[in-house]
Structure formats: C-alpha cells, structure tokens
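The values are calculated or read from the model by the stated rules, or taken from the named source; none is laboratory data. Keep in mind that this is a model prediction, so the values were computed, not measured. We place every Cβ from the backbone using ideal geometry, glycine too, and count neighbours over all the protein chains shown. Protein only, heavy atoms only, side chains kept; ligands, DNA and RNA dropped before computing areas. Shrake-Rupley method; radii C 1.70, N 1.55, O 1.52, S 1.80 Å.
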Amino acid sequence: MKNTQSVFGILKGLVDKKVPELNKKLETAEIADKKIKRFQNAISDLERYIEINRYDREAAKEAQEDIDEYERNIGVLESFRKGIDKVKEELLYADKFYKTYKKVTNDLKIQNLKQQYEDLDTKLSVLEDRMFACEINLDETERSAEVYTQSKQDFAKFKEEYDRLFKNAMDILKEIKALEK
C-alpha cells in the first residue's frame, strides 16, 4: 500500500509539473489561432482591395506588401500551433491520471478508514461486555457495597469511553461515505 502511494505520489509530482507547461502551450496556440484568423481576414480584405484597385499600381503594390507581411506572420504563428494535437492528448491523459490518482488515493484512504472502523468496533464490543458485567454487579441486594461502588465507577468509565469511541466510529463511517461518492 505504501509503495502504491509512493509511486502515485511521484507520478502526480511529474504530472503536476508538466500540466502548467501544457496549458501554457495550449493557451499560446489558441491565441495564435485567433491572430491567424484575423490575418486571414485582413488578407482576404486586401485581396479584394487589390482587385478593386488593380489599375492603381502603387496602392496594389502596398496592399501586396501587407499581404506578404501577414503571410509571414501566419507562418510564424503556425509554429505555435504545431504539435497542439499532441498537447491536447497529453492534457487528456493528465486528466485521466488525476481521476485515477483520486480513485486510488480514495481507495487507500477508505481501506485505512475501514480498518480503523473495524478496530473501533472490536474495542466497542469489549467495552459492551465490560459494561454488561458491571450491570450485573449493580444489584445492591446481591452484591457487597464495595463491589457495587466499584462496578458503578467502572460502568461510568466504560460508558464514557464507549461514547467517545462510538462517536469516532460514526465520524469514520461518514468520512468513508463521503469518499465513496
């Protein structure tokens, strides 16, 4: 169990380190996509401008230079988009890992909590037996005053311990149910 936690802890550290970098690449690619679309729209507008002003060589030349500049910018921005499918795939794997990590760690916690609950249940059974033994000795007509007094004190002590352990057991059950959701 400890080895599983250690392995998953190491893996989680690696994934935690990688995810922000992947998110940054994705964000950069999304920004590049928006800029590319704006440049493509501008190129389309400039091509229409050139067509309309085809007899004005100077205006057409300037527009063509702007188109060339936009196309160079698009080429640069395309480099930010390269490998974005791989980045998205890695982010999906990271998401799957986090889900698996949560399930495994929750399963380990649940297993540990169930063991604690079983230990408490055993202690509660022992205390129930002791309280029952004390109740038998709480008959003043059948027992000496010394046995009666001692049984009364022991019963109170056992009852207090029982109540405390019972509350702990109920808290553990609530925690188990919360983790199982």
Exercise. Express the carbon and sulfur contribution to the solvent-accessible surface of the chain as a percent, rounded to the nearest whole number, probe 1.4 angstrom.
Key: 52
Quiz item: Rounded to the nearest 500 deg cm²/dmol, what is the calculated helix-only ellipticity per residue at 222 nm for the chain, with -39500 (n - 2.57) per DSSP H run of length n ≥ 4?
Solution: -34000 deg cm²/dmol
Quiz item: Which one is right for this structure if P(r) over Cα pairs in 5 Å bins from 0, in percent is calculated from it: [x] 1, 7, 9, 8, 7, 7, 6, 6, 6, 5, 5, 5, 4, 4, 4, 3, 3, 2, 2, 2, 1, 1, 1, 0, 0, 0; [y] 2, 8, 14, 19, 14, 12, 10, 8, 6, 4, 3, 1, 0; [z] 1, 8, 15, 18, 18, 15, 10, 7, 4, 2, 1, 0?
Solution: [x]
Self-check item: Acute angle (nearest 10 degrees) that the helix 57-81 long axis makes with the longest principal axis of the chain, alpha-carbon atoms
Solution: 30
Quiz item: Per residue, what accessible area does the chain have, given a 1.4 Å probe and all protein chains present, in Å²?
Solution: 75
Self-check item: Paramagnetic label zone (point 7 Å from Cα along Cα-to-C-beta, L179; backbone N under 15 Å) in the range 109-127
Solution: 109-120
Quiz item: Under unit Cβ charges (Lys, Arg +1; Asp, Glu -1), what dipole magnitude, rounded to 20 debye, does the range 1-57 have relative to its Cα centre?
Solution: 300
Practice problem: Note down the magnitude of the dipole of the chain about its Cα centre, charges +1 on Lys and Arg C-beta and -1 on Asp and Glu C-beta and zero elsewhere, to the nearest 20 debye. | Solution: 440
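Please tell me which of these pairs span more than 24 angstrom C-alpha to C-alpha: K123/K167; K102/K174; K37/K86; K34/K61; K34/K88?
Violating the 24 Å Cα-Cα cut-off are K34/K61.
When the chain is fully extended, how far beyond the present Cα-Cα distance does K109 get from D68, taking 0.36 nm per residue of separation?
Working: separation 41, 0.36 × 41 = 14.76 nm, distance 6.12 nm.
Result for the pair: 8.6 nm of gain on full extension.
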